[in-house]
Amino acid sequence: MDNVIAGQGSDEKEYRIKITRNGPYIVTGGVPLSEQIICQDSEGHSHGWREGKVFDVPNTYTLCRCGKSKNKPFCDGSHFRSDFDGTETANRATFSAQSVEVVGPGLTLSEVPVLCAEARFCQRAGDTWSLVKRSDDQECRRIAIEEAGECPSGRIVLKDKNGNIIEPELPPSIGLVEDEPAGFSGPIWVRGGIPTESADGFEYEQRNRVTLCRCGHSKNKPFCDGSHLEIKFKSSE
């Protein structure tokens, strides 16, 4: 049975992320925080996640956004010393307003390519787009749903033939992506529809899966655009 859409408004109403001007993310409500590590299959493709370190967090904490903190994942004020420019440049339209579609016989794929966090879950078994085009085959359909659900950024969203959105059940939480296959650290993975507010008070669309930049170099702030791979970002440095 397909998973149904989850997280379009967290039950934990106190959970919230506030983006500060040229500064960190302020997280309130004691949102659970842990490392989420990308796994690989036998052919070297991204497939599956495993949990790493689980952090003991207070009700309110700040996550580094500039990538320079010596106390990662938490802010230590390095954004002041590095003159970090955290200007938010992302399109503020909804996902559906920005998305393009690929229609297959059993599934429809909607995507917003600029949201790609370069986690590479879509590349297995051909790729998700090819699988959707063959989604009258049950195995192709199953793998496509699995791949889309593993994508942390929500760049890809699938619908069934009746237009129902297929999403994994993700509890409200924050994952710090560690890309062990690539050897670098990835974005902040916001899960379960946690409200996120811009520095100027704009409320971004609440989505089940969102990745926020934590290397400081994204051209699509506050969202990740894969720049962490280009600069070889490591959370341990």
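Which of (1) over 14 Å from the mean Cα position of the chain (by Cα); (2) outside the structural domain of Val27 (by TED's automatic domain parsing) is the odd one out, the single condition Ala119 does not satisfy?
So the condition that Ala119 fails would be (1).
From the residues in the range 108-122 that are part of a loop (DSSP other than H, G, I, E, B) and touching a strand residue (DSSP E or B) at 6+ places or on another chain (Cβ under 7 Å), which one is farthest from Val190 (Cα to Cα)?
The qualifying residue farthest from Val190 (Cα to Cα) is Arg120.
For the range 74-128, what are the residues that are in contact with a His (Cβ under 6 Å, 6 or more places away or on another chain) and of a type outside the set (Lys, Arg)?
Gln123
Pairs please, first residue from the range 77-106 and over 30 Å from Lys161 (Cα atoms), second anywhere and of a type in the set (Ser, Thr, Tyr) and assigned to a loop (DSSP other than H, G, I, E, B), Cβ atoms under 6 Å, 6+ apart in sequence or on different chains.
Ser78/Ser69; Glu88/Ser198
Return only the number of the condition from (1) under 20 Å from Lys68 (Cβ atoms); (2) buried (at least 21 other Cβ atoms within 10 Å of the Cβ) that Ser236 does not satisfy.
Condition not satisfied by Ser236: (2).
Considering the range 196-224 alone, what residues qualify as being of a type in the set (Asp, Glu) and touching a helix residue (DSSP H, G or I) at 6+ places or on another chain (Cβ under 7 Å)?
Glu205
Scan the strands (runs of 3 or more DSSP E) fully inside the range 39-107 and keep the ones with 1 or more residues being more than 18 Å from Ile188 (Cβ to Cβ) and within 21 Å of the chain's Cα centre (by Cα).
Result: 46-55, 100-103.
Determine which member of the set Gly149, Gly183, Gly201, Gly226 is more than 18 Å from Ile37 (Cβ to Cβ), surrounded by fewer than 24 Cβ atoms within 10 Å (Cβ to Cβ) and small (Gly, Ala, Ser).
Gly201
For (1) among the acidic types (Asp, Glu); (2) in contact with a strand residue (DSSP E or B) (Cβ under 7 Å, 6 or more places away or on another chain), each residue gets a yes or a no:
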{"residue": "Ser185", "(1), (2)": "no, yes"}
{"residue": "Val190", "(1), (2)": "no, yes"}
{"residue": "Glu197", "(1), (2)": "yes, yes"}
{"residue": "Gly201", "(1), (2)": "no, no"}
{"residue": "Arg207", "(1), (2)": "no, no"}
{"residue": "Leu212", "(1), (2)": "no, yes"}
{"residue": "Asn220", "(1), (2)": "no, no"}
{"residue": "Gly226", "(1), (2)": "no, no"}
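The values are calculated or read from the model by the stated rules, or taken from the named source; none is laboratory data. Since the structure is predicted, the reported quantities are computational estimates derived from the model, not experimental observations. Note: ideal-geometry Cβ built from the backbone for every residue, glycine included; neighbour counts use all protein chains shown.
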